[in-house]
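To start, the structure itself, in structure tokens.
What follows draws every value from the coordinates through simple rules; no lab data is involved. Not measured: the values here are computed from a predicted model. Cβ: placed from backbone, ideal geometry, glycine included. Neighbour counts: every protein chain shown.
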Amino acid sequence: MPDDIPTAQVMSLRSQGLNNNQIVQALQRDGYSLTQIYDAMNQADVKSSVQPSPMEGPAPQGYGYEQQPAMAGGRAVSTDMIQPLVESIVEEKWQELVVSVSKISEWKDKTEIRINAIEQAMNMLKADFDKLHESILEKVGEYDRHITDVGVEIQALEKVFQKILPGFMENIGELSRITKDLRDVSGKNAVIGIKKKI
């Protein structure tokens, strides 16, 4: 984009008979922005008011002449002159707005994709956590059942011991008596044997 203000080009194009709309279009094709073109048109208006051509003279006022429309830098400003500039400025701003809105739309789409990916990841994590939770509960249930089974077996052994132990103790006591009796008998026999030998 050129940096200068194309005042000379505006004056040249006007001298060729182009209207403001055609000048705007021509300078936009050359890469000038609407601000540069508008500034150039204003400067061209000021220059032409400072250096009037010999053909121009003050318009007679009085009876039979209509008053000139509003003046800008010594030249009449008409809606035909302003309308193309306004339309061009509005078009330029509209294009900027469209670009901004498209960027916002792209950002929104990317954000939605990221949010969906995060939601999927969260759902997968939740499913994994639920599986892990079920597995832990199942293992705890198995351990609980095993402990309950061991407790039942210990209680059964306790009952068996309660039934067997008195008889077992009685048998041990009887064996002790028998052993003692045998010792006594064998001791008496040994004494009798010794006496016989003597």
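For this structure, a couple of remarks:
- Bins of 10 Å, starting at 0 and running to the largest distance - Cα pair percent for the stretch 98-189: 13, 14, 12, 11, 10, 9, 8, 7, 6, 5, 3, 2, 1
- Selection from L137, I147, Q120 lying farthest towards where the dipole of the stretch 98-189 points positive, charges on Cβ: I147
- Around the Cα centre of the stretch 98-189, unit charges on the Cβ atoms of Lys, Arg, Asp and Glu (plus for the first two, minus for the last two) sum to a dipole of about 260 debye.
- Packing rank of 177-184, 13-20, where each peptide gets the mean count of other beta carbons within 10 Å, highest leading: 13-20, 177-184
- Neighbours of I164, meaning other residues whose beta-carbon lies under 12 angstrom from its beta-carbon, give a summed charge of 0 when Lys and Arg score +1 and Asp and Glu score -1.
- Scoring 33-46, 122-135 by mean Cβ neighbours within 10 Å over their residues and listing the highest first yields 33-46, 122-135.
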